[in-house]
Each structure stands twice: as structure tokens, then as C-alpha cells.
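Below is one structure, written out as C-alpha cells; the observations come after it.
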Amino acid sequence: MKEAINEKELLKGLARNDKNAVETIYREHYKIIQTLIINNNGLADDARDIFQEAMIVLYEKARSGDFELNCQIRTYLYSVSRRLWLKRLQQLNRYSSDLVSTDNVVAVEDDLEEHNRRDAEFDMMNKAMGNLGEPCKSLLEAFYLKKKNMQEIATDFGYTNSENAKTQKYKCLVRLKKLFFSHYKNDHRDE
């Protein structure tokens with residue numbers, strides 16, 4: 001209920017051209033639109049343009065005075081952005097049949113649900129990484145994020161050889177997996 005009240009306040013703020021409301025809507029919803037556009041033959045610049053157009057549509061609706069939003073702002077912006085992007089792709093002849101075929105259209109709520117689920121899993125993985133401790137956290141970051149090979153890791157972390165570094169990486173992954181799934185189980189008990 002609090003979220004619905006907050007969204008009504010955001011719409012009122014948007015209608016008044018309140019800078020904080022505009023920034024909040026942008027901050028909370030831009031990433032999902034960017035993901036939609038980039039995953040469907042677009043670029044970051046396209047995502048900015050489409051999001052701006054969707055914000056203008058929402059702004060004009062909010063200013064009209066008789067607009068009643070029957071879904072979340074996120075769902076509305078996603079739906080408008082998706083339609084705008086499909087139209088642009090058709091104009092540019094860059095659309096893929098998967099994206100525009102009405103047989104394959106996934107409901108906006110399904111796309112959002114999947115996006116939210118993945119975001120929650122990333123958050124749980126971040127929590128697990130935060131609880132992992134050293135040297136495991138640094139070792140896994142060196143391998144997966146910095147793309148260092150086992151010999152470099154052995155040298156950096158003081159292991160006698162790359163096989164010992166590999167064994168330690170495996171142990172760290174087992175610990176991370178346990179932490180992740182303990183967070184996962186705890187978060188899903190609340191549902």
C-alpha cells in the first residue's frame with residue numbers, strides 16, 4: 001500500500017515537473033528499459049532516447065489531470081518503451097520476428113518478474129560475496145572479474161603453484177555456494 005501511495009506522489013511530482021520526482025523515476029526505472037532495448041538490437045543511446053520518449057508520454061498523461069495509473073510506473077514505462085522500440089525497429093527494418101510476433105509476446109509483467117528475480121539473485125550473490133571473507137573474495141574477484149590466470153593468482157596470493165591456487169579457488173567457490181544458498185533459502189521462506 002505504501003508503494004502505491006509513493007507512486008501517486010511521484011506522478012503528482014512529475015505533473016508539477018518536480019526535479020526530485022523525475023530523478024527518482026529515472027533512477028528506479030531506467031535500467032530495466034536499457035536492458036530491454038539493448039537485448040533487442042539496440043544501443044545505450046537508443047535506450048536513453050526511448051526512455052526519454054516514454055517519460056514524456058507519462059509526463060503528459062500525469063499533467064492531463066484525468067489520468068489514473070492502473071499498474072506500477074515501472075510497468076507503464078516498460079510497456080510504452082517496448083511499443084516505442086518496436087515501432088522504431090520497424091521503421092529501421094531492424095526488428096527480429098521474435099520481438100514483434102504476437103505469438104511470442106510475453107506479458108510485460110512476466111518480463112518484469114523475471115528481471116526482478118534476477119536482480120534479487122544478484123543482490124543475494126553480492127551479500128554472499130560480502131560475507132565470504134578474505135582471501136576468498138579477492139581470489140574469486142581476481143579470477144572472474146579481473147580475468148587473471150591461475151599462475152598470476154598463485155604469484156599474487158603467495159601459493160606455491162597454480163594447482164594450489166586452483167584448489168583454493170575451488171574451496172572458495174564451495175563456500176560461496178553455501179553462503180548464496182543459505183541467503184536464497186532465507187529469502188524464499190518469507191514468500
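Each label point was placed 7 Å from the Cα along the Cα-to-Cβ direction; for GLU134 and TYR170 their separation is 2.6 nm. For the listed residue pairs LYS146/LYS171; LYS127/LYS169; LYS31/LYS61; LYS19/LYS146; LYS146/LYS177, the alpha carbons are over 27 angstrom apart in LYS19/LYS146. Annotation: extensible slack from ALA120 through GLU28 equals 31.7 nm (criterion: 0.36 nm per residue apart, minus Cα-Cα distance). Sorting 143-150, 122-129 by average packing, meaning the other beta carbons within 10 Å per residue, from highest down gives 122-129, 143-150. Counting 0.36 nm for each residue step from GLU53 to LEU92 and taking away their Cα separation leaves a gain of 12.3 nm. With R₀ set to 30 Å, the beta-carbon distance separating LYS19 from GLN72 gives a calculated FRET efficiency near 0.90. Packing here is the average count of other Cβ atoms within 10 Å per residue, and on that basis the peptides 84-90, 39-45, highest first, run 84-90, 39-45.
Read-outs: derived from the displayed coordinates by stated rules, not from any lab. This structure is a prediction, so every number in the text was calculated from the model and none was measured. Reconstructed Cβ throughout: ideal geometry from the backbone, glycine too, with neighbour counts over all protein chains shown.
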